[in-house]
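This report refers to the structure that appears directly beneath it.
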Amino acid sequence: MKLIKKIIIFIILILVTVGILFVLQGYKAYSNKLKEVSIPVRIEEVRNNPNFTEKENMAQDYINAVIAAEDRRFYDHGPIDIIAIVRAMYVNITGLKFTEGGSTITQQVAKNVFFTQEATATRKIAEIFMAFKLEKNYTKDEIFEFYVNTNYFGSGYYCIKEASIGYYDKEPIDLNLSEATMLAGIPNAPGVYDLNVNPDLARQRQRQVINKMVKYEYITQEQADAIE
């Protein structure tokens, strides 16, 4: 029995040590990134995009669809969402595969603006440090704008305005519910859900977004059923 306890303690110590090393590496990656370019400079580059769209110029259905699909407690939690992280860990462990990440919209902004799309533990930790820095300096509405203006939507469209005009020949504020839910879903996996390449898969993803909007009471089931 004593031997088993010693083994358990040893394993715990190893896990803690590895965790600390990852945190230190993540913080170093975060610090190095800030040495390369400051947050205000990088954000100004994003805002200077001629296709940058402010929240007030987006359809409310699109805003609601993004929140429902990506981070339903976005306006209620801080830079990270502990509930989402725990849920993602449970789903991934019980499913024996990585299917959920638990990243907030702020974390995704950190990834889009400052880091690569490579999913490593070091980058994820650096992303968390950057998320705290972003929320210290910008409002939730601003961070939402940075998110939809740095997402890739497939077919060479790198922000919501490019996607809205490219796919539907409309400004973001003129999107209807069907179009809004479609565009809210594509950035989850733009290579898979590109509307011009895989329309059937894109519609499957759209239905997931619609179901979440019903679940979180942004729309009624009747409205959902009416979407073609």
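The values are calculated or read from the model by the stated rules, or taken from the named source; none is laboratory data. All of these numbers come straight from a predicted model, not from anything done at the bench. All Cβ positions, even for glycine, are placed from backbone atoms using ideal geometry, and neighbour counts span all protein chains on display.
Considering each residue of the stretch 33-42 in turn, at least one proves to be at pLDDT below 95, within 26 Å of Phe144 (Cα to Cα) and acidic (Asp, Glu). The set of residues in the stretch 21-48 being within 20 Å of the chain's Cα centre (by Cα) and within 30 Å of Leu177 (Cα to Cα) consists of Ile43, Val46, Arg47.
Looking across the stretch 126-180 at every residue that is among the small types (Gly, Ala, Ser) and surrounded by fewer than 21 Cβ atoms within 10 Å (Cβ to Cβ), the one that is farthest from Asp194 (Cα to Cα) is identified as Ser178.
Quick grid of which residues meet (1) in a loop (DSSP other than H, G, I, E, B); (2) in contact with a Leu (Cβ under 7 Å, 6 or more places away or on another chain); (3) of a type in the set (A, V, I, L, M, F, W, C); (4) touching a residue at least 12 places away in the same chain (Cβ under 8 Å):
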{"site": "Leu134", "(1), (2), (3), (4)": "no, no, yes, yes"}
{"site": "Glu142", "(1), (2), (3), (4)": "no, no, no, no"}
{"site": "Phe146", "(1), (2), (3), (4)": "no, no, yes, yes"}
{"site": "Ala180", "(1), (2), (3), (4)": "no, no, yes, yes"}
{"site": "Pro187", "(1), (2), (3), (4)": "no, no, no, yes"}
{"site": "Gln206", "(1), (2), (3), (4)": "no, no, no, yes"}
{"site": "Tyr218", "(1), (2), (3), (4)": "yes, no, no, yes"}
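Restricting attention to the stretch 25-62, the residues being hydroxyl-bearing (Ser, Thr, Tyr) and loosely packed, with under 14 Cβ neighbours inside 10 Å number 2.
Name the residue that is nearest to the chain's Cα centre (by Cα), counting only residues in the stretch 108-127 that are farther than 17 Å from Ser38 by Cα and part of a helix (DSSP H, G or I). By that ranking, first place goes to Gln108. Taking the stretch 148-164 as the range and being part of a helix (DSSP H, G or I) and touching a helix residue (DSSP H, G or I) at 6+ places or on another chain (Cβ under 7 Å) as the test, the residues that pass are Val148, Ile160, Lys161, Ala163, Ser164.
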